[in-house]
Amino acid sequence: MHIYASCGLWKFDPLKGWGLAIDKSKRGRILYMELTSSFEYLSRMAFEDFRIDQNLVELELSYLPMELISSIDCSPVIIERVRAER
């Protein structure tokens with residue numbers, strides 16, 4: 001299973017409601033997981049791929065249905081072979 005991931009902060013706008021303020025400098029990532037992968041594995045992969053120190057921030061994961069993903073401003077995706085080389 002491939003998961004499109006964006007890095008950002010949820011912010012509330014009184015006129016528009018909640019929205020994800022995407023960190024465009026970090027770009028998007030495609031994370032690969034097995035159906036049996038653990039939450040801990042997904043967390044570790046997100047921190048590694050976005051190069052974020054897990055001691056500095058708290059990870060929050062949110063799911064958006066496909067119809068909403070196409071309506072938001074998604075960052076370009078960076079595809080690396082970092083995990084395959086380890």
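Bear in mind these aren't lab numbers, they're just calculated from the coordinates by the rules spelled out. Note that this is a predicted model, so its numbers are computed, not measured. When we count neighbours, we look across all protein chains shown, and the Cβ atoms used for this are built from the backbone with ideal geometry, even at glycine.
General remarks:
- Pairwise label distance in nanometres, Tyr41 with Met1, each label 7 Å out on the Cα-Cβ vector: 1.1 nm
- With a Förster radius of 35 Å applied to the beta-carbon distance between Trp10 and Glu34, the computed FRET efficiency rounds to 0.80.
- Rounded to the nearest 20 debye, the dipole magnitude of the stretch 7-68 is 300 debye, with +1 charges on Lys and Arg beta carbons, -1 on Asp and Glu beta carbons, and the Cα centre as origin.
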